[in-house]
Amino acid sequence: MSKAFYITTPIYYVNDKPHIGHAYTTIACDVLARFKRLDGFDVKFLTGTDEHGQKVAKAAADKGIAPQDLCDQNSQNFRDLAKTLGISNDDFIRTTEERHKKACQALWKRLEDNGAITLGKYAGWYAVRDEAFYDESELTKGPTGEKLAPTGAPVEWVEEESYFFPLSKWQQPLLDFYDANPDFIGPKSRFNEVYSFVKGGLNDLSISRTAFSWGVPVPGNPKHVMYVWIDALTNYITALGYPDESGEMGKFWPKDNPVAMHVVGKDIVRFHCVYWPAFLMAAKLPLPKRVYAHGWWTVEGQKMSKSLGNAIDPNMLVEKYGLDQLRYFMMREIPFGNDGDFSEAAIAGRINGELANAFGNLAQRFLSFIGKNLGGILPEPGALQPADDELLKACHGLLAQCRDAIDRQALNDVIERIWEVVRAANGYVDVQAPWALKKTDPARMNTVLYVLAECVRHLAILMQPFVPTSAAKMLDQLAVPEDARTFAHLDKAHAMKGGTALPTPTGVFPRYGDPKAGKGS
Ligand code: ME8
């Protein structure tokens, strides 16, 4: 029976257009989803849009359009972006869908039945930009003395009738859960941050609003709409068919859940690692296995913001650099979990130095040599020498190392492990110099060319999650059949066969800035 893996992105607010931050999270999840599929898992990969709440209602009012119209337009922008980025999501959820309203109301009723919801009055601070309540003690002062949330968002005083979730009661169960599941939150620094936040004490949470109506109505009291975060977090189980707990819920959200993981930015850790598990515990539903929070991108050294107008449109980046080039850069440039900076110099450096020179040239040089000198037929290898064995051994050792890194969400480590072999293969070419062997020792030349082809087959199969189009082109050039490209095919039984006719090679990774090359894949 195949193993299941459920991976989700945050659902993005539709108050504005997507930018590279959104593209980053979605690409990272796509890499994880593709890796697991290639590794034999039955994967469900979910992304979508978060469409309710005061922030979206306000954005629509500012534009003078109905909230649903704004949602329809901007949700489509996110859906189109997923397509442009080559995202392999299995579902795209919108929180204004009927299936979602049904799931939210069912979860609410279940919480109510379990005595986890009370009616009271909220009086406190709220930041619309963060859609978050803040305690007075968390606030800071802005330049003109105004009160600000710790994120820098303006806050407003809210006083209204509200339903409450008794979060304070869940402090100890949450701490016990974190103690028993130290891998629930990654990276470790985020785990520690959440742990000390919860240890510091939790306030009960207001979970409904009456000041506006753009949300899921509270069952039995439609004067209230649900707090947008209880609505938003529920999306992860809506997409599995909740409240029906048989079908996909049983498979992708099972008891003791060893299957589901959420990838989020560091801004929304508290919602995913404190509120969400507490809601689920109170509802007596399984918790996800892991939440991984990545870092923050700045652009040319600056924070992206509406006022600076420097939020980069990912569509433009794909147009300018090529899709696989962008995907590779984002996954390679910074350790997943750390902050990083997007700059023209950095992406151009990675494209030219690594994709074009190191990886692209490695394949291009020996493939054109075979095309020109051997009629495009991959030669049979002779007896292997220690240098050949060493390179092939490095190839065979890669999958285990990549799996280990993937399970820690160390995406750049996966690339680094692969790149160690790319470097070793380039070193092998330099030392073995197959072009020189043509005259002196053609049999040895054949072996070297064969070993290179087998090595590049491994590298291209393992690079598929990161650069799917280019890796596929490389595998086409090696005449690897489309149904022989999973990780199960990395074994010796599926090695390249001498005598295989190879198609005419063409460059897979053009240099950036080379007027002859055009843009990438
Ligand atoms: O928070 N760098 O939606 P959102 C890296 N609707 N990632 C970034 C980024 C940056 N500069 N800016 C945004 C919400 N992101 C809620 C989520 S989930 C149940 C509800 C990414 O549109 C990052 O993943 O504000 C961050 O967590 C997410 O976009 C926030 O998207």
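The values are calculated or read from the model by the stated rules, or taken from the named source; none is laboratory data. What you are looking at is a predicted structure, and each value in this text was computed from that prediction instead of being measured. Please note: Cβ atoms are built from the backbone with ideal geometry, for glycine as well, and neighbour counts cover all protein chains shown. All accessible areas refer to the heavy atoms of the entire protein, side chains included, with ligands and DNA or RNA removed. Shrake-Rupley method; radii C 1.70, N 1.55, O 1.52, S 1.80 Å.
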Under the rule of at least 5 residues apart or a separate chain, name every residue whose amide H is placed under 5 Å from the amide H of S208. Y163, Y227
Highest mean first, how do 282-289, 385-392 rank when packing is the count of other Cβ atoms within 10 Å averaged over residues? 282-289, 385-392
Which of rounded, prolate or oblate describes region 102-189 when judged by the alpha-carbon gyration tensor and an a/c cut-off of 1.5? oblate
What FRET efficiency, computed as 1/(1 + (r/R0)^6) with R0 = 30 Å and r the Cβ-Cβ distance, is obtained for K147 and D404, rounded to the nearest 0.05? 0.05
Under the classification rounded if a/c is under 1.5, otherwise prolate if a/b is larger than b/c and oblate if not, where does region 342-424 fall, given a ≥ b ≥ c as square roots of the Cα gyration tensor eigenvalues? oblate
Counting only residues 5 or more places away or on other chains, whose amide H sits under 5 Å from the amide H of A4 once H atoms are built in the peptide plane? D42
Three-way shape label, region 253-312, alpha-carbon gyration tensor, a/c 1.5: prolate
Mean residue ellipticity (222 nm) of the chain, computed from DSSP H runs ≥ 4 via -39,500 (n - 2.57), nearest 500: -14000 deg cm²/dmol
Within 15 Å, Cβ to Cβ, of Q409, how many net charges do the neighbouring residues add up to if Lys/Arg are +1 and Asp/Glu are -1? +4
Distance from the Cα centre of region 441-495 to that of region 279-298, in angstrom? 38 Å
Could you tell me which residue out of A132, M330, A479 lies farthest along the dipole of the chain toward its positive end? Charges go on the beta carbon: Lys and Arg +1, Asp and Glu -1, centred on the Cα centre. A479
Give the peptides 323-335, 145-157 in descending order of average Cβ contacts within 10 Å, highest first. 323-335, 145-157
Those lysines that a straight Cα-Cα span of less than 19 Å connects to K303, excepting residues fewer than 8 apart in one chain: K17, K266
Fraction of beta bridges assigned by DSSP in the chain that are antiparallel (%, nearest 5): 45 percent
Cβ under 13 Å from G220's Cβ, G220 left aside: what net charge do those residues give with Lys, Arg +1 and Asp, Glu -1? 0
Angle check, please: helix 323-333 long axis (alpha carbons) against the longest principal axis of the chain (alpha carbons), in degrees 0 to 90, nearest 10. 80 degrees
Rolling a 1.4 angstrom probe over the protein chains, ignoring ligands and nucleic acids, what is the accessible area of K497 in square angstrom, nearest 10? 130 Å²
To the nearest 10 Å², what's I65's accessible area with a 1.4 Å probe? 60 Å²
How do E112, E482 rank by accessible surface area computed with a 1.4 Å probe, from largest to smallest? E482, E112
Calculated on alpha-carbon atoms, Rg and Dmax of the chain in Å: 26.1, 89
Given K141/K289; K36/K473; K320/K393; K438/K492, the pairs whose alpha carbons are separated by over 29 Å: K141/K289; K320/K393
Among residues other than G241 whose Cβ falls under 9 Å from its Cβ, what is the net charge (Lys/Arg +1, Asp/Glu -1)? -2
Part-to-part distance (alpha-carbon centres) for region 244-260 and region 118-170, which is given in Å: 34 Å
For D404 the rounded accessible area (nearest 10 Å², probe 1.4 Å, non-protein molecules ignored) is 90 Å²
